[in-house]
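Asks: My questions will all concern the structure given below.
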Amino acid sequence: MNPLAEQLNESIRSGNVHLYEMLSTLGKEIYFPKEGILSQSAEASSLAKKFNATIGIATENGGPMHLAVIQDTLSAYKPQDLYPYAPPAGKPELRTVWREKMLQDNPSLSGKSFGNPIVTNALTHGLSMVADLFVNEGDAVIYPDKNWENYELTFGIRRHGSIVNYPLFTDDMKFNSEGLRDALLAQKDKGKAIVILNFPNNPTGYTPGAKEGEQIVAAILEAAEAGINVTVVTDDAYFGLFFETSLNESLFGKLAGLHPRILPVKVDGATKEDYVWGFRVGFITFAAESKETLAALEQKALGIIRATISSGAHPSQTFVLQALKSPDFAAQKEEKFNIMKGRANKVKSLLDSEKYGGVWEYYPFNSGYFMCLKLKNVHAEPLRQHLLHEYGIGTIALGDRDLRIAFSCIAEEHLEELFDMIYKAVLDLQTK
Ligand SMILES: Cc1ncc(COP(=O)(O)O)c(C=O)c1O
């Protein structure tokens with residue numbers, strides 16, 4: 001093993017041996033080169049006052065070389081904030097500002113020991129870093145039966161984790177923390193599990209209430225007390241879009257500092273929160289007690305970044321940073337929040353109006369971009385096909401009976417027509 005990786009492992013092991021045990025083989029072996037091109041170049045950027053002939057960018061007239069055909073369309077930004085490589089961990093100021101925002105949005109984090117967010121190429125990348133660092137072949141990766149389908153590729157196919165699903169809802173349509181608890185405790189022999197929590201949930205649009213949140217935390221704590229090392233990822237992709245009374249903080253805050261066998265990892269980002277899907281700016285943040293452990297985990301994460309994408313795109317980090325610092329940011333976010341909330345409320349009032357004669361139920365939703373119909377008499381895929389070909393309406397069929405509707409992309413005034421047509425399409429199929 002590389003001596004630098006060994007040093008990092010030692011820092012993690014001496015801080016908390018359970019965190020060391022959670023690392024995958026790759027997680028144990030990875031390190032960020034201290035004396036490579038990046039660090040020599042960083043040293044040169046502060047000391048090489050005469051000529052800096054280090055890193056692979058080109059310069060001209062004291063700044064990064066660039067083409068006018070690009071700069072002319074981006075003239076609000078300085079070339080040095082667009083063209084050079086961003087550091088592998090991301091723009092330092094963006095990391096600081098995101099951390100402050102995390103604290104502001106999640107008062108439960110105050111006084112907790114957690115690291116500096118590391119910039120990722122958006123949330124998928126953060127999730128795949130978690131998979132790289134913590135999932136070995138056969139490790140249990142636990143998440144509910146209603147989930148974002150890409151977890152399967154990220155944790156199952158790519159890292160050969162063993163996917164363990166539990167029903168998201170109880171019979172009375174609350175979060176099934178008992179199911180989570182049982183799935184976790186079933187890993188006692190393995191001594192290890194990776195849990196993914198995603199609220200607001202894709203595809204249902206559900207966020208649990210405060211009491212359910214406590215039950216989730218209690219289930220994870222119980223597993224840790226039973227001797228299971230639990231890496232808990234909060235996939236906070238849709239964070240902030242809480243339209244009713246539910247948890248409105250990430251459970252990362254409650255999980256931080258809870259038990260030495262729990263490693264909370266927050267995966268979040270600007271993608272959905274700030275409506276910049278194609279920018280690819282996300283973050284991964286660890287919570288652990290000792291500064292040395294956090295620093296070592298950060299070095300491991302940087303090793304994965306260096307080995308895969310080397311560093312994230314610089315322009316989009318600049319764009320997001322500029323937005324976060326703008327005095328207009330909060331007001332503009334609120335304006336969009338209200339539009340999304342208006343759509344969610346409208347969908348709910350339509351569904352509760354009994355206009356649609358009991359052809360479907362819907363899963364509880366109170367947040368995020370989506371809601372899910374549970375079809376009673378027709379199957380989801382034929383309905384999706386029928387909607388697409390006969391009505392020109394696109395929806396997502398999930399499993400046998402669920403149809404996901406993204407109200408995030410339908411204007412409030414069109415929602416009634418949309419649901420009327422889905423209803424009509426159901427009737428078409430029922431009478432066929
Ligand atoms: C629950 C969830 N997590 C993560 C992502 C991925 O986000 P990103 O586009 O930032 O990679 C999505 C995207 O649909 C999602 O629904």
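The values are calculated or read from the model by the stated rules, or taken from the named source; none is laboratory data. As the structure is a computational prediction, the values presented were derived from the model and not from experiment. Cβ atoms come from the backbone with ideal geometry, glycine included; neighbour counts cover every protein chain shown. When the accessible area is computed, the model is the full protein with side chains, heavy atoms only, and any ligands, DNA or RNA have been set aside. Shrake-Rupley method; radii C 1.70, N 1.55, O 1.52, S 1.80 Å.
Asks: Binned at 5 Å from 0, what are the whole-percent values of the Cα-Cα distance distribution for region 18-172, short to long?
Replies: Spelled out bin by bin, region 18-172 gives 2, 7, 10, 12, 13, 16, 14, 10, 7, 5, 2, 1, 0, 0, 0 percent.
Asks: So, one more: If one computes the Cα centroid of region 341-365 and of region 1-26, what distance in Å separates the two points?
Replies: Rounded to whole Å, the Cα centres lie 50 Å apart.
Asks: Per residue of region 412-423, in order, report the coupling 6.51 cos²θ - 1.76 cosθ + 1.60 (Karplus, θ = phi - 60°) as ³J(HN,Hα) in whole Hz, putting x for Gly and Pro.
Replies: 3, 6, 9, 5, 5, 4, 4, 6, 4, 6, 5, 4
Asks: Calculated from DSSP H runs of 4 or more alone, at -39500 (n - 2.57) each and per residue, what is the 222 nm mean residue ellipticity of the chain, nearest 500?
Replies: On the way: 16 runs with 180 residues, N = 432.
Rounded to the nearest 500, it is -12500 deg cm²/dmol.
Asks: Continuing with the same structure: What is the list of residues in region 13-51 whose amide nitrogen lies under 14 Å from a point 7 angstrom out from the Cα of Leu4, following Cα to Cβ?
Replies: What the label zone holds, given the 14 Å backbone N cut-off, is 29-43.
Asks: About its Cα centre, what dipole magnitude does region 330-430 give when the only charges are +1 on Lys and Arg Cβ and -1 on Asp and Glu Cβ, stated in debye to the nearest 20? Before the final figure, lay out each step's value.
Replies: On the way: 13 positive and 15 negative charges, 60 e Å.
It works out to roughly 280 debye.
Asks: Roll a 1.4 Å probe over the protein heavy atoms and report the accessible area of His160 in Å², nearest 10.
Replies: Only protein atoms counted, so the area is about 100 Å².
Asks: Ignoring ligands, DNA and RNA, please state the percent of accessible area on region 330-430 from carbon and sulfur, probe 1.4 Å.
Replies: On the way: 2420 of 4860 Å².
Within region 330-430, the accessible surface is 50 percent carbon and sulfur.
Asks: Using a Gaussian network model of the chain with C-alpha springs under 10 Å, which one of Pro88, Pro117, Pro79 is most mobile by mean-square fluctuation?
Replies: Pro79
Asks: State log₁₀ I(q)/I(0) for the chain at q = 0.07 Å⁻¹ as given by the Debye formula over alpha-carbon point scatterers of equal weight, solvent excluded.
Replies: Reported log10 I(q)/I(0), two decimals: -0.39.
Asks: Under 1.5 on a/c is rounded, so check that first for region 307-380, then, if it is not, pick prolate when a/b is larger than b/c and oblate when it is not; a ≥ b ≥ c are the square roots of the alpha carbon gyration tensor eigenvalues.
Replies: On the way: a/c = 5.90, a/b = 1.91, b/c = 3.10.
Judged from the Cα gyration tensor, region 307-380 comes out oblate (a/c at least 1.5, b/c at or above a/b).
Asks: What is the percent of Cα-Cα separations in region 330-430 that go past 20 Å?
Replies: Value for region 330-430 (Cα pairs over 20 Å): 35 percent.
Asks: Quick one: what are the phi-derived ³J(HN,Hα) couplings along region 178-188, Karplus 6.51/-1.76/1.60 with θ = phi - 60°, whole Hz, x for glycine and proline?
Replies: Using θ = phi - 60°, the values come out as 4, x, 5, 4, 5, 4, 5, 5, 5, 9, 4 Hz.
Asks: I would also like to ask the following. Treat each spin label as a single point 7 Å out from the Cα along the C-beta direction, and report the Tyr275 to Leu103 distance in nm.
Replies: 2.9
Asks: Determine, from the Cβ-Cβ distance of Lys341 and Asn61 and an R0 of 35 Å, the FRET efficiency 1/(1 + (r/R0)^6), rounded to the nearest 0.05. It would help to have the intermediate numbers written out before the result.
Replies: On the way: r = 49 Å, r/R0 = 1.41.
Computed FRET efficiency for Lys341 and Asn61: 0.10.
Asks: Which of the GluC sites (Glu not before Pro) found in region 6-113 are in a DSSP loop and have at most 16 neighbouring Cβ atoms, other than their own, within 10 Å? Could the numbers behind the result be given before it?
Replies: On the way: sites: Glu6, Glu10, Glu21, Glu29, Glu35, Glu43, Glu60, Glu93, Glu100; in loops: Glu35.
Qualifying residues, ordered by number: Glu35.
Asks: Considering only protein heavy atoms and a 1.4 Å probe, what is the carbon-and-sulfur percentage of the accessible area of region 90-132?
Replies: On the way: 730 of 1420 Å².
Here it works out to 51 percent.
Asks: Return the loop-located GluC sites (Glu not before Pro) in region 140-190 (DSSP other than H, G, I, E, B) with at most 14 other Cβ atoms within 10 Å of their own Cβ; answer none if there are none. Please list the in-between numbers first.
Replies: Values: sites: Glu149, Glu152, Glu178; in loops: Glu149.
Sites meeting the loop and neighbour criteria: Glu149.
Asks: Once ligands and nucleic acids are excluded and a 1.4 Å probe is used, how much of Arg404 is accessible, expressed in Å² to the nearest 10?
Replies: Counting only protein heavy atoms, Arg404 exposes about 50 Å² to solvent.
Asks: Which one of Pro208, Leu255, Thr245 has its Cα pushed farthest toward the positive end of the charge dipole of region 198-281, where Lys and Arg give +1 and Asp and Glu give -1 at the Cβ?
Replies: Value: Leu255.
Asks: I need to check one value: relative contact order of the chain, counting alpha carbon pairs closer than 8 Å and at least 6 residues apart, in percent.
Replies: 18
Asks: To continue, here is another question. Calculate how large, on average over all directions, the projected area of the Cα convex hull of region 72-159 is; give the answer in nm² to one decimal.
Replies: Details: hull surface 36.3 nm².
So the mean shadow area of the Cα hull is 9.1 nm².
Asks: Quick one: which residues, 5 or more positions from Lys192 or on another chain, have an amide H under 5 Å from its amide H? H modelled 1.01 Å from N in the peptide plane, none for Pro or chain starts.
Replies: Residues meeting the amide H criterion: Asn229.
Asks: Separate question: Accessible area per residue of region 313-376 at 1.4 Å probe, in Å²? Numbers along the way, then the final one.
Replies: Details: 2910 Å² over 64 residues.
That works out to 45 Å² per residue.
Asks: Suppose every Lys and Arg Cβ carries +1 and every Asp and Glu Cβ carries -1, with no other charges. What dipole size does region 160-272 come out with about its Cα centre, to the nearest 20 debye? Intermediate values should be presented prior to the final figure.
Replies: On the way: 10 positive and 14 negative charges, 77 e Å.
Magnitude of the dipole: close to 360 debye.
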